[in-house]
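Each remark here refers to the structure printed beneath this line.
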């Protein structure tokens, strides 16, 4: 799979796992991250040759455009953009600081829209390309204690579904990836839903790779959660509430281990 792939927030977690997986499959990978030194170090450690790491602030359109310009100048025409960058503070909405709410919207949603628009401006005239946007299972099944986060991920799901219609016949594809709670720093101190173990980053990375090879709109990780998620969307409210209790959805943000989560919170909510 020889493609030029740019990954936002690619120096850690799901982004780095995806970079490693795609590099191992023959792609040339560009990692963009706020931590430019870490992005360059992780890019240099990827399997194969021809990778690169760059500074990237997804909330700044000029930064995003400069990132994609550098990718195309140094690696070649962009084939795939993976919009992975995102943050997940956990708190009831009344306890969230306004600046943290805004940061989630700016990073999780506006960053995705900005990157998608900039990538499509390059891909559509060429008649080929693929945008992969990381949403979350919370983009279909909202989680109490993550109201703002859930809202941003629902927005990404809706954005991609509308975009699929706009891109019909262009040769450019869009994919929404919806993992359950993944075993990364983002999930530190949280409990996964009942029956759904923490997803391994490699599982998500492999699912993304498969979607790039065979494009489709929706990707659930693990895959078996997809039919359940779709089912709950058509059920009446009492039945949806029963399913939430069965899977202990509200337990995800209950009894948080704040000590385990402290480093992540400090790094991602310093606004």
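We did not get these values from a lab; they are worked out from the coordinates using the rules stated. Note that the structure is predicted; figures quoted are calculated from it, not measured. Positions of Cβ are generated from backbone atoms using ideal geometry, with glycine treated the same way; all protein chains shown enter the neighbour counts.
Sticking with the crude label model, points 7 Å out along Cα→Cβ, report the distance from residue 213 to residue 2 in nm, one decimal please.
Placing both labels 7 Å beyond Cα along the Cβ direction yields 1.7 nm.
With contacts defined as alpha carbon pairs under 8 Å and 6 or more residues apart, what's the relative contact order of the range 113-154 in percent?
29 percent
Go through 75-83, 8-16 and give me the packing order, highest mean Cβ count within 10 Å leading.
8-16, 75-83
Taking the mean number of other Cβ atoms within 10 Å as a proxy for protection, how do you rank 25-34, 201-210, 217-226 from highest to lowest?
25-34, 201-210, 217-226
Would you compute, from DSSP H runs of 4+ residues alone, the mean residue ellipticity of the chain at 222 nm, taking -39500 (n - 2.57) per run and dividing by the full residue count, rounded to the nearest 500?
Computed mean residue ellipticity for the chain: -14500 deg cm²/dmol.
If neighbour count is taken as other Cβ atoms inside 10 Å, put 63, 150 in order from fewest to most.
Ranking 63, 150 by Cβ neighbours within 10 Å, fewest first, gives 63, 150.
For residue 66 and residue 121 in one chain, what is 0.36 nm times their gap in residues minus the Cα-Cα distance, to one decimal in nm?
Once the chain is fully extended between residue 66 and residue 121, it gains 18.4 nm.
Could you state the angle between the C-alpha long axis of helix 36-45 and the longest principal axis of the C-alpha atoms of the chain, as a value from 0 to 90 degrees rounded to the nearest 10?
70 degrees
Does anyone have the angle between helix 201-213 and the longest principal axis of the chain? Alpha-carbon axes, 0 to 90°, nearest 10?
It is inclined by approximately 50 degrees.
Label points 7 Å out from Cα along the Cβ direction at residue 259 and residue 73: separation in nm?
Result for the modelled spin labels: 4.9 nm.
Residues of the range 182-196 with the amide nitrogen closer than 15 Å to a label point 7 Å from the Cα of residue 248, along Cα-to-Cβ, please.
Zone members listed by number: 189-196.
Defining a contact as two alpha carbons under 8 Å apart and six or more residues distant in sequence, what relative contact order in percent does the chain show?
18 percent.
If packing is taken as the mean number of other Cβ atoms within 10 Å per residue, what is the order of 107-114, 233-240, highest first?
Packing order, densest peptide first, comes out as 107-114, 233-240.
Quick one: if the Förster radius is 22 Å, what FRET efficiency do residue 170 and residue 113 give, using the C-beta to C-beta distance and rounding to 0.05?
It comes to 0.80.
Quick one: helix 13-24 against the long Cα principal axis of the chain, what's the angle to the nearest 10°, folded into 0 to 90?
Tilt of helix 13-24: around 40 degrees.
Would you mind calculating the relative contact order of the range 54-173 from Cα pairs under 8 angstrom and at least 6 residues apart, reporting the percent as a whole number?
Relative contact order of the range 54-173: 29 percent.
Tell me, in nm to one decimal, what length is gained between residue 234 and residue 144 on full extension, where the rule is 0.36 nm per residue of separation less the Cα-Cα distance?
That works out to 30.4 nm of additional length.
Starting from a Cα-only point model with no solvent, please compute log10 I(q)/I(0) by Debye for the range 4-268 at q = 0.09, 0.11, 0.13, 0.17 1/Å.
-0.38, -0.57, -0.81, -1.38
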